[in-house]
Amino acid sequence: MRQLQILVAPSGFNNSLESDEVADCIEEGIRRVFPEKSAFIHKAPLYEGGNNFSRALLSFNDAKIHYFDVNSPFYYPTPAYLAFINGGSTAVVDVAAAIGPQFFVDCPDPTATTSYGIGELLVAALEAGCTKIIIDCGESAALDGGAGMLQALGARLIDANGKDIITIGGAPELARLVVINLNNIHPRLRKEICIEAVYGTRSVLCGHNGVAFDDHVLTRASLKQVEDLSLALEEFADVAGQILRVNVGNEPGSGISGGLGTGLMLLGAQFRSRRSAADEYFDFETLFDKPWDFVITGTRIFSSEISKANMPRKVVKLAQKHGVPAIVVAETIAEERTADIYKEGVSSFMTTYGGPAFPQGKTNELIKDAVQRAMRMVQIGISSSQDQIEPQVKGIESAITKLELD
């Protein structure tokens, strides 16, 4: 029997699971029936505006991922990764994975942080020879305005006495800043290299809506620590503003990722929303350049209404256009008549509710069980056909049709 070719392209299940996590669950459900030698699976999780932009991007592009240690926001080694897509010409940096709010747990002083680790990732990307770096600016525990990142890239932060500031000291150190010297910045940053900062919200660095008054800080820092951080970031904004010739503290985007946006402005980064970036980087039409046996998509609620399950519906329509059977896995099918689902181009569907024997519990397990049930029906269809390519395909189509009765 030839190896099945399966495309897995689900959306998230609302607040339960992100799309890449749902794709992992679907893959495990398939593997319970079809081992690697029997089925090739390509995961292309759908991106619908959540915090999993970089993870979805890496899965979609079959990225090459390199793991190594960088400095955490509190300047101790921590595991991180740097990913490459487009044949290695584009690097992807996930801020939240490297220096995210997970580091706030049990921290003695949430204002004494550094973004140095992000700078280390950027140096690695530059040394690898990439010509573009996409930085997914998620939440960050480093609240230094990107000062540490700049230092890792070769910049000097100098006080009134001409001495270098060590930003790992946090706000008290940054408050002494007088000059940001970019003369010794990494040489490749002076050449044609594109840094793209992808954000969710264009927050600002300073003021009562700024970084120092973020909920993560207010719930962990003392009033004095908050005030010191606020003053330090205002000083940093003033010095950066002398270079950029804008009011940095109130510039939209300056406060993204704990103020990392300000440092990225100094590097000449281009800013764009995740939604805008997704429109460019997630071209689902190209997924169907390969002849798939079937596609599995998923969503919490599947509906024929345009406003609901929009991305999974797009996948189903594309599958229909290319003559590929489509299976939908959903918690709820929001149609009164099953026929309405099939009119959408769905070949078959499975709900994650399996009856009393499968009580409602962890969403991930329910998805795996639903997919496993679907794959057993596919297996029956294949087994009933002869071990030849054309009959096997007919067996797959027959099995998927049988799923309608499940």
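Each reported figure results from applying straightforward, stated rules to the coordinates on display, with no laboratory input. Nothing here was measured: the structure is a model prediction, and the numbers come from that model. We place every Cβ from the backbone using ideal geometry, glycine too, and count neighbours over all the protein chains shown.
Tabulated data
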| read-out | value |
| --- | --- |
| Extension gain from GLN5 to LYS290, taking 0.36 nm per residue of separation minus the Cα-Cα distance | 101.7 nm |
| Sequence of CYS137, CYS194 once ranked by neighbouring C-beta atoms within 10 Å, starting from the fewest | CYS194, CYS137 |
| Placed amide H near VAL33: partners under 5 Å, 5+ positions off or other chain | none |
| Rounded to 5, the percent of DSSP beta bridges in the range 53-277 classed as antiparallel | 50 percent |
| Environment charge of GLN151, counting only residues whose C-beta is closer than 13 Å and scoring Lys/Arg +1, Asp/Glu -1 | -3 |
| The range 53-277 shape via C-alpha gyration tensor axes, a/c threshold 1.5 | prolate |
| Among the listed pairs LYS290/LYS321; LYS64/LYS191; LYS37/LYS321, those beyond 19 Å (Cα-Cα) | LYS64/LYS191; LYS37/LYS321 |
| The range 43-147 - share of DSSP beta bridges that are antiparallel (%, nearest 5) | 70 percent |
| Summed side-chain charge close to THR114 - residues other than THR114 whose Cβ falls under 10 Å, Lys, Arg +1, Asp, Glu -1 | -2 |
| Segment HIS208-THR351, extension gain: residue separation times 0.36 nm, minus the distance between their alpha carbons | 46.9 nm |
| Among PHE236, GLY87, ALA171 the positive-end extreme of the charge dipole of the chain (Cβ point charges) | GLY87 |
| Whole-Hz ³J(HN,Hα) from phi, Karplus 6.51 cos²θ - 1.76 cosθ + 1.60, for the range 224-239, glycine and proline x | 5, 4, 5, 5, 4, 5, 4, 5, 5, 5, 5, 5, 4, 5, 5, 5 |
| Around TYR199: net Lys/Arg minus Asp/Glu count, Cβ-Cβ under 9 Å | +2 |
| Counting DSSP beta bridges with both ends in the chain, the antiparallel % (nearest 5) | 30 percent |
| C-alpha center-to-center spacing [the range 130-184, the range 251-280] in angstrom | 16 Å |
| Of the trypsin sites (Lys or Arg not before Pro) in the range 227-290, those whose Cβ has at most 14 other Cβ within 10 Å and which sit in DSSP loop | ARG245 |
| Percent RCO, i.e. relative contact order, over the chain, from Cα pairs under 8 Å lying at least 6 residues apart | 16 percent |
| Label selected from [x] 29; [y] 14; [z] 36, the criterion being percent of Cα pairs over 40 Å apart as computed here | [x] |
